[in-house]
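Chemist: Got a structure for you, questions after.
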Amino acid sequence: MAVISGVGVSSGRAVGPVVRMPDPVAEPAAGSTVPDGADVAAEGARIAAAAEQVRADLERRAAAAHGDGAAVLEATALMAADPALVTAAQKKVDDGTAPARAVWEAAAEVQAMLESLGGYMAERARDVADVRDRIVAVLDGRPAPGVPERDEPFVLVAHDLAPADTATLNPATCLALVTEGGGPTSHTAILARALGLPAVVAAPGILSVDEGTVVLVDGGVGTVEPDPAADVVEAVRAAAARVLMFDGTGRTADGHRVQLLANVGDAKGAAAAAEAGAEGVGLFRTEFCFLDRAEEPTVQEQVEQYRAVLEPFAGKKVVVRTLDAGADKPLPFLTDATEANPALGVRGYRTAVRHPEVLDHQLEAIARAATTSGTEVWVMAPMISTAAEAADFVALANGHGLATAGVMVEVPAVALTADALMANVAFASIGTNDLTQYAMAADRLLGDLAELSDGWQPAVLRLVHLTAEAGLQANRPVGVCGEAAADPALAVVLTGLGVTSLSMTARAIPEVAATLLSVTKAECQRLAELALAAPDAKAARAAVHAELPPLA
Ligand code: PEP
Ligand code: MG
């Protein structure tokens with residue numbers, strides 16, 4: 001079988017047999033009824049038996065899982081044990097509805113009831129859908145939805161992965177992820193990087209590879225090779241057994257310093273990043289602390305959340321980003337859910353026009369958390385479009401006693417005018433996820449546009465170059481905190497373009513560090529020129545990979 005090409009979103013190589021993610025459970029046809037002459041009581045009893053099987057299965061899996069995964073499975077098992085859904089479904093079967101359809105309709109009623117209660121109960125509506133799908137799968141004699149369970153290591157192949165799959169994916173047995181859909185910032189990509197698993201997305205044809213076929217996944221180059229040669233398999237397995245360590249100082253082979261920082265969203269992530277040896281935090285996504293809130297959190301509550309993130313990095317740097325609400329991260333107290341085009345709407349710093357008090361409260365909270373933490377706190381605003389906005393934000397932050405204030409470069413307009421920007425800020429941090437989305441006019445969440453939504457696009461690299469050059473001229477640090485920083489080969493290119501720090505999921509740091517250590521600064525610059533001169537993202541990636549030692 002020919003090699004399948006997709007978009008590599010999490011580097012590393014792995015070999016293993018393909019295991020297919022089961023297709024999502026489809027809604028049983030409306031109006032389906034129990035067959036004439038069927039024993040209605042027995043049909044109803046099948047629902048109870050299926051629910052019991054689902055509960056027992058989930059509990060068994062929860063006992064074997066740990067952390068968040070165990071908690072999610074336990075909560076779902078509890079929901080499966082609740083008789084409300086089964087009783088309601090059995091009543092419908094008594095009235096002649098087919099069991100699978102009855103479960104579907106009963107679940108819709110339970111969901112509507114939970115949603116009407118709001119808050120925590122409304123969030124449980126998603127668990128009802130999960131239990132519903134599992135019961136319907138048992139009734140239909142199909143495999144349970146979600147990540148399949150296996151004792152032996154495997155390569156997971158799916159159309160795309162949902163956020164709920166993240167908790168139940170076991171990195172001890174899942175070697176790599178390959179999806180037909182998804183893009184570089186899809187859930188699959190984010191999950192793979194967080195777990196340190198090689199991953200290829202937007203790989204057409206991958207769903208036609210037979211279950212059990214051994215494949216070599218190269219998440220750096222973006223290829224999947226069925227039935228690789230025995231010596232290649234051996235080499236990849238030997239490389240995977242090596243454990244990379246980060247010594248705490250990011251640098252090239254000739255000692256050029258590049259700070260290697262972590263992206264975090266809460267205290268747990270910060271503690272894990274500190275343990276992984278990150279030199280600091282390059283992006284603290286504060287909105288992640290409040291995604292479920294209908295109302296603005298109090299200043300005191302914010303102080304506590306921020307302090308918990310700052311504390312593990314006492315004596316080190318933490319870059320706190322003010323709320324990046326909007327588009328894929330709506331915050332009900334700050335953003336307007338009715339906007340027709342939210343990615344281009346009132347998001348990030350722009351929300352401060354209508355709600356200046358929210359930004360003011362947040363800066364006050366960050367300043368208060370900073371004073372007692374012993375951490376070097378930098379603060380930055382997302383979604384800045386002009387040098388004047390940057391100046392306004394920096395003045396505001398300085399007014400709160402936050403001396404090191406800068407902005408994110410995510411809008412091409414601000415990268416193109418980076419020379420004017422640098423005069424107004426203490427530093428800049430390039431968000432390559434949004435910079436790519438806006439430069440290529442390609443929704444970062446759409447798998448169909450994965451080839452455009454790629455940080456290797458030469459147009460994006462030119463914008464990074466312009467920004468980094470302006471930073472060097474004005475003596476301002478310029479970091480990258482988008483997903484591009486977690487790609488070891490791209491990290492080399494970004495360094496060659498003049499970027500001074502790289503911030504990424506903590507798991508990616510050891511491999512990025514090892515790759516940087518394998519090249520000199522001059523080699524980084526030469527590889528950056530190669531990438532800039534390439535006609536497209538694919539060619540840029542291939543040209544640079546061809547010149548680097550194999551990334552394992
Ligand atoms: C980015 O846009 O690259 C970025 C780091 O911000 P976020 O992914 O949170 O939008
Ligand atoms: Mg962004």
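Chemist: Determine the calculated [θ] at 222 nm for the chain from helices alone, applying -39500 (n - 2.57) to every DSSP H run no shorter than 4 residues and normalising by the residue count; nearest 500 deg cm²/dmol.
Modeler: -14000 deg cm²/dmol
Chemist: How high is the relative contact order of the chain? Use alpha-carbon pairs under 8 Å, at least six apart in sequence, and give a whole percent.
Modeler: Relative CO of the chain lands at 15 percent.
Chemist: OK, next. Modelled label-to-label distance, Ala423 and Leu517, 7 Å Cα→beta-carbon offset: nm?
Modeler: 4.3 nm
Chemist: Fewest Cβ neighbours within 10 Å first, please rank Ser385, Ser429 accordingly.
Modeler: By the 10 Å Cβ count, ascending: Ser385, Ser429.
Chemist: For the chain, take the longest principal axis of its alpha carbons; what is the angle in degrees between that and the long axis of helix 356-373, to the nearest 10 within 0 to 90?
Modeler: 80 degrees
Chemist: Pairs of alpha-carbon atoms within less than 8 angstrom and 6+ residues apart define the contacts here; what relative contact order does the stretch 146-208 have, in percent?
Modeler: Across the stretch 146-208, relative contact order equals 34 percent.
Chemist: Would you mind getting me the FRET efficiency between Ser116 and Leu344? Use the beta-carbon distance for r and R0 = 45 Å, nearest 0.05.
Modeler: 0.85
Chemist: Work out the charge dipole of the chain with +1 on the Cβ of Lys and Arg and -1 on the Cβ of Asp and Glu about the Cα centre, then indicate which of His159, Pro330, Ala241 is farthest towards its positive end.
Modeler: Result: Ala241.
Chemist: Determine the relative contact order of the stretch 280-372: mean sequence separation of Cα pairs under 8 Å and six or more apart, normalised by residue count, in whole percent.
Modeler: 38 percent
Chemist: If you don't mind, there's one more thing I want to ask. Sort Arg126, Arg55, Arg251 so that the residue with the fewest other Cβ atoms within 10 Å of its own Cβ comes first and the one with the most comes last.
Modeler: Exposure proxy ranking, most exposed first: Arg126, Arg251, Arg55.
Chemist: Less than 13 Å from a label point 7 Å out along the Cα-to-Cβ axis of Ser32: which backbone N atoms in the stretch 132-155 qualify, by residue?
Modeler: Counting only backbone N, you get 133, 135-142.
Chemist: With charges only on Cβ, +1 for K and R and -1 for D and E, what is the dipole size of the chain about its Cα centre, in debye, rounded to 20?
Modeler: Magnitude of the dipole: close to 1360 debye.
Chemist: In whole Å, what is the distance between the alpha-carbon centres of the stretch 249-319 and the stretch 1-75?
Modeler: Each part's Cα centre sits 35 Å from the other's.
Chemist: For an R0 of 35 angstrom, estimate the FRET efficiency from the Cβ-Cβ distance between Ala474 and Asp536 and round to the nearest 0.05.
Modeler: Efficiency at R0 = 35 Å is approximately 0.65.
Chemist: How much length is gained on full extension from Glu364 to Ser5, taking 0.36 nm per residue of separation minus their Cα-Cα distance?
Modeler: Gain in length upon complete extension: 124.3 nm.
Chemist: Could you tell me how many cubic angstrom of Cα convex hull volume the stretch 259-551 has per residue?
Modeler: It is 120 Å³ per residue.
Chemist: Could you point to the residue in Gly255, Leu497, Ala81 farthest towards the positive end of the chain's charge dipole, with +1 and -1 charges on the Cβ of Lys/Arg and Asp/Glu respectively?
Modeler: Ranked along the dipole, the leading option is Gly255.
Chemist: Taking the alpha-carbon distance from Lys317 and a cut-off under 29 Å, which lysines remain once sequence neighbours fewer than 8 residues away in the same chain are dropped?
Modeler: Reachable lysines: Lys268, Lys329, Lys521.
Chemist: ³J(HN,Hα) across the stretch 218-228 via Karplus (A = 6.51, B = -1.76, C = 1.60, θ = phi - 60°), whole Hz, x for Gly/Pro?
Modeler: 10, x, x, 7, x, 10, 10, 10, x, 6, x
Chemist: Against the globular-protein guess of 2.2 N^0.38 Å, express the Cα radius of gyration of the chain as a ratio, rounded to two decimals.
Modeler: 1.03
Chemist: Net charge within 14 Å of Pro312 by Cβ-Cβ distance, Lys/Arg positive one each and Asp/Glu negative one each, not counting Pro312 itself?
Modeler: Residues close to Pro312 contribute a combined charge of -1.
Chemist: What order, most packed first, do the peptides 312-319, 39-46 have when packing is the mean number of other Cβ atoms within 10 Å of each residue?
Modeler: 312-319, 39-46
Chemist: Within a Cβ distance under 15 Å of Ala387, other residues only, what is the Lys/Arg minus Asp/Glu net charge?
Modeler: -3
Chemist: Round to the nearest 0.05 the FRET efficiency obtained for Asp39 and Ala294 when R0 = 56 Å and r is the Cβ-Cβ distance.
Modeler: It comes to 0.70.
Chemist: So what's the angle, to the nearest 10 degrees on a 0 to 90 scale, between helix 67-81 and the longest Cα principal axis of the chain?
Modeler: 30 degrees
Chemist: Here's another thing I want to ask about it. Quick check: net charge around Arg526, other residues with Cβ under 15 Å of its Cβ, Lys/Arg +1 and Asp/Glu -1?
Modeler: Net of charged neighbours comes to -3.
Chemist: Report, as a whole number in µm² per second, the diffusion coefficient that Stokes-Einstein gives for the stretch 59-110 at 25 °C and 0.890 mPa s using the Kirkwood radius over alpha carbon pairs.
Modeler: Once the numbers are plugged in, D ends up at 203 µm²/s.
Chemist: For the chain, with the dipole built from +1 on Lys and Arg beta-carbon atoms and -1 on Asp and Glu ones, taken about the Cα centre, which of Leu516, Val464, Ala29 lies farthest toward the positive end?
Modeler: The residue sitting farthest along the positive end of the dipole is Leu516.
Chemist: In degrees from 0 to 90, rounded to the nearest 10, what is the angle of the helix 40-64 Cα long axis to the longest principal axis of the chain?
Modeler: Helix 40-64 sits roughly 40 degrees off the main axis of the chain.
Chemist: Placing +1 at every Lys and Arg Cβ and -1 at every Asp and Glu Cβ, with all other atoms neutral, what dipole size does the stretch 441-552 have around its Cα centre, in debye to the nearest 20?
Modeler: For this selection, approximately 320 debye.
Chemist: To the nearest 20 debye, what charge dipole does the stretch 40-139 have about its Cα centre, counting +1 at the Cβ of each Lys and Arg and -1 at the Cβ of each Asp and Glu?
Modeler: So the magnitude is around 180 debye.
Only the coordinates and a few stated rules stand behind these numbers; no lab work does. This one's a predicted model, so the numbers in the text were calculated from it and none came from an experiment. As a convention, Cβ positions derive from the backbone with ideal geometry for all residues, glycine included, and neighbour counts pool all protein chains shown.
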